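Take a look at the structure set out below.
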Amino acid sequence: NIYDDIRQSSSFIGCVISENVNDEEGHRLDSEIDGYSAEWQQLMTRLEDFALKLPDAEWASFIGVAKLDSIRFFLDEMRDKAKAKMAPELERLALSLAVDGYHAWNRIYDKMAGDLRVDFEENGQTKTISMGQLAAKMDLPDRKIRQQAFEKMTSAWQSRAELAAMTLNSLAGFRLALYKNRGWESPIFEALRNARIKQETLDAMWGVVADESPRLQKYIAAKKNILGIDQFKWYDQTAPVGKTSMKFSYQEAGDFIVKHISKLSVEMGEFSRRALDKRWVEAEDRPGKAAGGFCTGFPLSKESRIFMTFTGTFGGLSTLAHELGHAYHSFVLNDKPSFVSRYPMTLAETASTFNELAVTDAAMEAADNPQEKLMLLDQKIANAYIMMCNIRARFIFDKTFYAERKKGFVPRSRLDELMVNAQKEAYAGTIEGEGWHPLFWASKLHFFISGVPFYNFPYTFGFLFANGIYDRALKDGASFAGHYRNLLADTGSMMTEEVARKHLGVDLTKEDFWRDSVNRVLADIDPFVELAGKLK
């Protein structure tokens, strides 16, 4: 109950701050909740201490009680994690210090990013806009607008780069000091443990992605031809191609999602309808909002809330479907005990990506001209491009940055260099000339999230995993909905490899599943290239 109280409060304040990044009282309460979270974690260390003191035979007897059946996985996992930590009193001290140390750097970054504003000229008018609004400009068809948005973003972060470098180094330094005292040699140890995956699984996935990424060069070449550009730059990644009359009101977008999700699962469709009708979504386009989108759960209310900025495009519709997928995942776990309703990041993107795939395929079927089909094909492949290249670049940067941070402070110029090197390795020759984004380490908030180290690979994992599930859904037909619900219901009480083995019959430590998934997501390249050639 205490844990659910904290989660409920944290979700509420997170929503308050996101809808108004300048809410001072919200930021104060967010800091206060961090204190409660630390106290909760200290209580958990006492439970861990109790678990560690019991001999294995007594522990097995303790968790063998029928009353604990539903949370046995959590208890065993907790005990295993505790074995890799410091003494309980030291863990409690570290958690206490983290409130105004470790996690404070995260809050400083959020405030710094939220306060950034730029003057942006468009259609003869100049407006002051937030970073979230500026990021949305990168998806527009006018290359001059995209370039201006990129340059404005870069300029804004140039003014904060030294402070951002100090913030990132301080956060990482605290993290590494904690790891050293716990005896964790690898900076990715915690991330793998939180993701509930083995190193072999991560290696298998990234190995396939690295092997297959050069296939995207064909897609980028065709896209350059359509766009009429000589060199593909960072700000061209999400440039739309094709022409479409697809504009949606918020109501139309919701209706479209409900209609097509219902074809795969009546329950998913009904849930989405309820979330929309009850106004669980904050979608208004206005200044002062945080960038991006998210879905957060309210365990006491057994509801979710979705935050995004809806702009009437198919991309906005896809984002709404994505977040409704997250909400459905939480809904499936509503009746589970809190301790087994928390799923790892690797599986957190399963339902959201599944929804995106469903609505994109539906839009493809509904498209009534070649230009619309080209646009939708592009969006599908562009998503794969981001997951295979952009996310991999983030992972490579994290890996190299933490290796260097172990030796000492990493200056801003070196961070820029590490970021460009990571992009060159991950993008497989698709970004050309000097079209890189050296300050991506500063502008991307995921590097500064203290509660989730290596906040990158779970996206690619979830994307490819969901594609494998979606492929199974198309093959299984009507019987799929129940199997899918069962899979989601197990995500909080099993290792990720076990979920895949039980519900899909695949071994994630081998490359076969990952190669099949990558082949599926890249299968649209040839149709795109062919259609692009005809329309050009």
Please indicate, with yes or no, whether at least one residue in region 58-70 is loosely packed, with under 15 Cβ neighbours inside 10 Å, out of contact with any Gly (no Cβ under 7 Å at 6 or more places or on another chain), of a type in the set (Lys, Arg) and at pLDDT 90 or above. yes
Options Met387, Met419: the member that is at pLDDT 95 or above and touching a Pro at 6+ places or on another chain (Cβ under 8 Å): Met419
Residue within region 279-292 that is assigned to a loop (DSSP other than H, G, I, E, B) and modelled with pLDDT of 95 or more present: yes
Give me the residue from region 299-326 that is in a loop (DSSP other than H, G, I, E, B) and without any contact (Cβ under 8 Å) to a residue 60 or more places away in the chain and, out of that set, farthest from the chain's Cα centre (by Cα). Lys302
Give me the residue from region 121-148 that is in a strand (DSSP E or B) and not acidic (Asp, Glu) and, out of that set, surrounded by the fewest Cβ atoms within 10 Å (Cβ to Cβ). Gln125
Taking region 254-268 on its own, how many of its residues are farther than 17 Å from Glu365 by Cβ and either touching a helix residue (DSSP H, G or I) at 6+ places or on another chain (Cβ under 6 Å) or outside the structural domain of Gly315 (by TED's automatic domain parsing) (or both)? 3
For region 154-176, does any single residue satisfy the condition of being among the basic types (Lys, Arg), more than 20 Å from Asp398 (Cβ to Cβ) and crowded, with 19+ Cβ neighbours inside 10 Å? no
Count of region 247-266 residues which are touching a Phe, Trp or Tyr at 6+ places or on another chain (Cβ under 8 Å) and either in a helix (DSSP H, G or I) or surrounded by fewer than 17 Cβ atoms within 10 Å (Cβ to Cβ) (or both): 3
Region 402-420: number of residues that are assigned to a helix (DSSP H, G or I) and surrounded by fewer than 22 Cβ atoms within 10 Å (Cβ to Cβ): 11
Starting from region 86-104, take each residue that is within 17 Å of Leu29 (Cα to Cα) and list its partners that are modelled with pLDDT of 90 or more and assigned to a loop (DSSP other than H, G, I, E, B), counting only C-beta distances under 9 angstrom and pairs at least six apart or across chains. Ala98/Ser450; His103/Ser450; His103/Gly451; Ala104/Ser450
Restricting to region 1-23, name every residue that is of a type outside the set (A, V, I, L, M), in a helix (DSSP H, G or I) and over 14 Å from Lys289 (Cα atoms). Tyr3, Asp4, Asp5, Arg7, Gln8, Ser9, Ser10, Ser11, Phe12
Between a residue in region 441-452 that is touching a residue at least 24 places away in the same chain (Cβ under 8 Å) and any residue that is among the β-branched types (Val, Ile, Thr) and surrounded by fewer than 19 Cβ atoms within 10 Å (Cβ to Cβ), which pairs come within a Cβ distance under 9 Å, given they are 6 or more apart or on different chains? Ser443/Thr154; His446/Val452; Phe448/Ile108
Residues of region 327-369 being without any contact (Cβ under 8 Å) to a residue 60 or more places away in the chain, outside any helix (DSSP H, G or I) and of a type in the set (D, E, K, R), in sequence order, are Asp335, Asp368
May I ask you to verify whether Glu425 is out of contact with any strand residue (DSSP E or B) (no Cβ under 7 Å at 6 or more places or on another chain), surrounded by fewer than 21 Cβ atoms within 10 Å (Cβ to Cβ), charged (D, E, K, R) and farther than 29 Å from Gly173 by Cα? no
Considering only residues that are surrounded by fewer than 16 Cβ atoms within 10 Å (Cβ to Cβ) and either out of contact with any Gly (no Cβ under 9 Å at 6 or more places or on another chain) or part of a helix (DSSP H, G or I) (or both), which ones fall in region 79-99? Asp80, Lys81, Lys83, Ala87, Glu89, Leu90, Leu93, Ser96, Leu97
Taking the criterion of being assigned to a loop (DSSP other than H, G, I, E, B), without any contact (Cβ under 8 Å) to a residue 40 or more places away in the chain and not assigned by TED's automatic domain parsing to the domain that holds Trp280, would at least one residue in region 36-47 satisfy it? no
Quick check on Asp236: is it acidic (Asp, Glu) and crowded, with 20+ Cβ neighbours inside 10 Å? yes
So which residues in region 193-205 are crowded, with 19+ Cβ neighbours inside 10 Å and in contact with a Lys or Arg (Cβ under 7 Å, 6 or more places away or on another chain), if there are any at all? Ala204
Looking at this structure, is Asn467 more than 20 Å from the chain's Cα centre (by Cα) and not acidic (Asp, Glu)? no
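The values are calculated or read from the model by the stated rules, or taken from the named source; none is laboratory data. What you see is a predicted model; the values in this text were computed from it and never measured. Every residue, glycine among them, receives a Cβ derived from its backbone with ideal geometry; neighbour counts consider all protein chains shown.
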